[in-house]
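Accompanying notes for the structure given below.
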Amino acid sequence: GVFNADDDILVSCDSLQFGFETWRTSRDTLVGYNPRIHSKNAGECKYGYKQWWHVWWGGKYSIVLTKAAFCHHKYFYQYTHELSREVWNHVHENRNCEDIAMQFMVSNATGLPPIWVQGSYSDSGVLDFKGGISTGSSHYDKRSECVTKFVDMFGGMPLVETGHVAAPMSGWRPMKTPPAIWEWFHAI
């Protein structure tokens, strides 16, 4: 297994160990700490990419961001060598949505949902007020556009919704909470 992490993410050792143990039980899917959900816009052929609070409120997710996620090494090979050039070019021309493309690719290949692992981590990127790609006012519009385009490029919607959450019993909480407190307030 490979742990993919952005340079602004720090995962606690206990959370990292639990995430790896969870991945070992489901090696064919993405296992990570940042869930998101897609939605279909009513009456349109467009999709939406929704932020954390939609996951919290609805209890469902269909995407795990690769900013902190485990996956089988074969998916990096497939992403680099087998992903359609159309998807690859869209990601690289826009410098965005590589995580959504990875989730599309994995779900398309397996028919499986991702697994959200509740864990402790810090994300200094949510405090980036210097213009990071996720801090712009059009960030969610651009990512919604990616979901819509990827549906066309993949020939359908492969993302699988789930409400399952892997949580260590030692840190069990009766309420779903975001792993980083800033997710409550970021890009609302």
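The values are calculated or read from the model by the stated rules, or taken from the named source; none is laboratory data. No experiment lies behind these values; they were computed from the predicted model shown. For neighbour counting, all protein chains shown are included, and Cβ atoms are generated from backbone atoms with ideal geometry for every residue, glycine included. Each accessible area value is taken on the protein alone, full model and side chains, heavy atoms only, with ligands, DNA and RNA left out. Shrake-Rupley method; radii C 1.70, N 1.55, O 1.52, S 1.80 Å.
Structural remarks
- Scanning segment 27-45 for residues that are farther than 20 Å from Asp123 by Cβ and either surrounded by 15 or more Cβ atoms within 10 Å (Cβ to Cβ) or of a type in the set (S, T, N, Q) (or both) yields Thr29, His38, Ser39, Asn41.
- Residues in segment 48-78 that are basic (Lys, Arg) and more than 23 Å from Ser26 (Cα to Cα): 1 in all.
- Any hit, segment 42-56, residues being touching a Gly at 6+ places or on another chain (Cβ under 8 Å), in a loop (DSSP other than H, G, I, E, B) and on the phi < 0 side of the Ramachandran plot: no
- Residues being part of a loop (DSSP other than H, G, I, E, B), open to solvent by less than 30 Å² (accessible area, probe 1.4 Å) and more than 20 Å from Ala109 (Cα to Cα) - total across segment 57-72: 1
- Of all residues making up segment 110-125, the number that are assigned to a helix (DSSP H, G or I) and farther than 16 Å from Phe154 by Cα: 2
- Subset tally (residues that are over 24 Å from Thr148 (Cα atoms) and either open to solvent by less than 70 Å² (accessible area, probe 1.4 Å) or part of a helix (DSSP H, G or I) (or both)) for segment 73-89: 2
- Among the residues of segment 1-23, the ones that are part of a helix (DSSP H, G or I) and aliphatic (A, V, I, L, M) come to 1 in all.
- Cβ-Cβ under 8 Å pairs, at least 6 apart or on other chains, segment 52-74 side over 18 Å from Met102 (Cβ atoms) and aromatic (Phe, Trp, Tyr), far side outside any strand (DSSP E or B) and open to solvent by less than 10 Å² (accessible area, probe 1.4 Å): Trp52/Asn34
- Contact map, segment 145-166: residues that are part of a loop (DSSP other than H, G, I, E, B) paired with residues that are open to solvent by 50 Å² or more (accessible area, probe 1.4 Å) and not small (Gly, Ala, Ser), Cβ distance under 7 Å, separation 6+ or inter-chain. Pairs shown: Pro158/Asn108; Val160/Leu112; Glu161/Lys60; Gly163/Lys60.
- The residue of segment 131-188 that is nearest to His92 (Cα to Cα), among those that are within 15 Å of the chain's Cα centre (by Cα), at pLDDT 95 or above and β-branched (Val, Ile, Thr), is Val147.
- Taking each residue of segment 25-42 that is in contact (Cβ under 8 Å) with a residue 60 or more places away in the chain and looking for partners that are charged (D, E, K, R) and part of a loop (DSSP other than H, G, I, E, B) with beta-carbon atoms closer than 6 Å, six or more apart or interchain, yields Asn34/Lys67; Ile37/Lys60.
- Of everything listed in (1) in a helix (DSSP H, G or I); (2) of a type in the set (Gly, Ala, Ser); (3) under 27 Å from Ser124 (Cα atoms), the single unmet condition for Ser107 is (3).
- Condition met for Val87 (in contact (Cβ under 8 Å) with a residue 24 or more places away in the chain, more than 16 Å from Pro158 (Cα to Cα) and over 12 Å from the mean Cα position of the chain (by Cα)): no
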